[in-house]
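Please treat every number below as a calculation from the coordinates, not as lab data. Just so it is clear, the structure is predicted and the values come from calculations on it, not from any experiment. Positions of Cβ are generated from backbone atoms using ideal geometry, with glycine treated the same way; all protein chains shown enter the neighbour counts.
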Amino acid sequence: MRIVGVIPARGGSARFYNKPLANILGKPMVWWVYTHSKQVDCFDEVYIATDSEEIKSVCESFGAKVIMTSSEHDTATERLFEVSQSIDADLYVMVNGDEPVIEAKDIVKCIPANLNKEGFYVSNLMTNFSDPVEVVDTSNLKIVTNKDGICLFISRSPIPFPKGGMNYTYQKFVGVGAFTKKALQYYHETPRGPIEKIEENDSFRFIENRKDIYYINALCETISVDTPKDIEKVEEYMMKNRKIAVIQ
């Protein structure tokens, strides 16, 4: 089975311009994501997909393979679909460019043991909330699955609501997912539904159309970078956990 890792690295962003190049302990954020992705043994290749010549130049300076993609994409998954049109693989693993602390040992957890190469398969990672305050933070996506790990709903609201009891562990979204080519083709050809539009989460492209998307609890540490303020959290975590050693 041929598996490729793809790191979407969008340049233009109203909230955080050129976010992939944000400095984290002396290295651009996309370097950290690329370094961890390159440590995944089952990846045949790792590509950075961007719409920015500046990001392309920086990534090539540290030896990354870069694919230029359209600046018109609204989602990272659409950017991944474009990559799938020129890079052949059985499974495409997307590692979001704003997940600098996610490690190789966790990235692989979205890859199934058995896969129908010609079939439809989508998975994503999630992890437990460690701080109850994060559950009510609308910047964090809350995931609800059934007993088989198939996603039922995703929301920025705290779901499920604990009316019947408090014995529940909430899970949050982690920006790592796996897609077969057939799944990406379906995503590309299917229009956005009303729930996807209101929640602004493209997992609903599958959920609203009764296509199974598996959410796997990686039980991992994740600090997604949405604003410049998040960089401080990432650097504090890396220093505390000696992640700085990887660049020495």
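What order do you get for 179, 16 when you list them from fewest to most C-beta neighbours inside 10 Å?
Final ranking by Cβ density, sparse to dense: 16, 179.
Compute the separation of the alpha-carbon centres of region 180-216 and region 144-167 and state it in Å as a whole number.
19
Going 7 Å from the Cα of residue 1 toward and past its Cβ, which residues in region 110-138 have a backbone nitrogen under 12 Å from where you end up?
Only 110-123 fall inside the zone, counting backbone N under 12 Å.
Could you put 229, 109, 181 in order, starting from the residue whose Cβ has the fewest other Cβ atoms within 10 Å?
Fewest to most other Cβ atoms nearby, the residues stand as 229, 109, 181.
Identify the chymotrypsin sites (Phe, Trp or Tyr not before Pro) of region 90-135 meeting these criteria: DSSP loop state and at most 12 other C-beta atoms within 10 Å of the C-beta.
none
Could you name the lysines whose alpha carbon sits less than 21 Å from that of residue 211, not counting residues in the same chain fewer than 8 places away?
Within the straight-line limit of under 21 Å, residue 211 reaches these lysines: 109, 117, 142, 147, 172, 181, 182, 197.
What number, in percent, do you get for the relative contact order of region 1-157 if the mean sequence gap of Cα pairs under 8 Å and at least 6 apart is divided by its residue count?
So the answer I get is 25 percent.
Only bridges whose two residues both fall in the chain count here: according to DSSP, what percent of them are antiparallel, nearest 5?
Roughly 55 percent of the DSSP beta bridges within the chain come out antiparallel.
Straight-line reach only, C-alpha to C-alpha below 18 angstrom: list the lysines that residue 56 could link to, leaving out same-chain residues fewer than 8 apart.
19, 27, 38, 65
If you place +1 on the Cβ of every Lys and Arg, -1 on the Cβ of every Asp and Glu, and leave all else neutral, what size is the dipole of region 101-146 about its Cα centre, to the nearest 20 Debye?
So the dipole magnitude of region 101-146 works out to roughly 220 debye.
Quick one: P(r) of the chain from all Cα-Cα pairs, 10 Å bins, percents rounded to integers, in order of increasing distance.
7, 32, 39, 20, 3, 0
Ratio of Rg to Rh for region 137-194, alpha carbon only, Kirkwood?
1.04
Based on other C-beta atoms within 10 Å, arrange 214, 47 from fewest to most.
Going from sparsest to densest Cβ surroundings: 214, 47.
Determine the gain in length on full extension of the stretch residue 150-residue 41; use 0.36 nm per residue of separation and subtract their C-alpha separation, reporting nm with one decimal.
Going from the current span to full extension adds 36.6 nm.
Debye calculation, C-alpha points only, no solvent: report log10 I(q)/I(0) for region 145-242 at q = 0.10, 0.14, 0.19, 0.24 Å⁻¹, in the same order as the q values.
Normalising to I(0) and taking log10 leaves -0.38, -0.72, -1.12, -1.33.
Principal axis extents for region 60-162, Cα atoms only, whole Å, descending order, please.
Projected onto the principal axes, the Cα atoms of region 60-162 cover 46, 34, 30 Å.
Please give the contour-minus-distance gain from residue 25 to residue 65: 0.36 nm per residue of separation, less the Cα-Cα distance, rounded to one decimal in nm.
Between residue 25 and residue 65, full extension yields 12.1 nm more.
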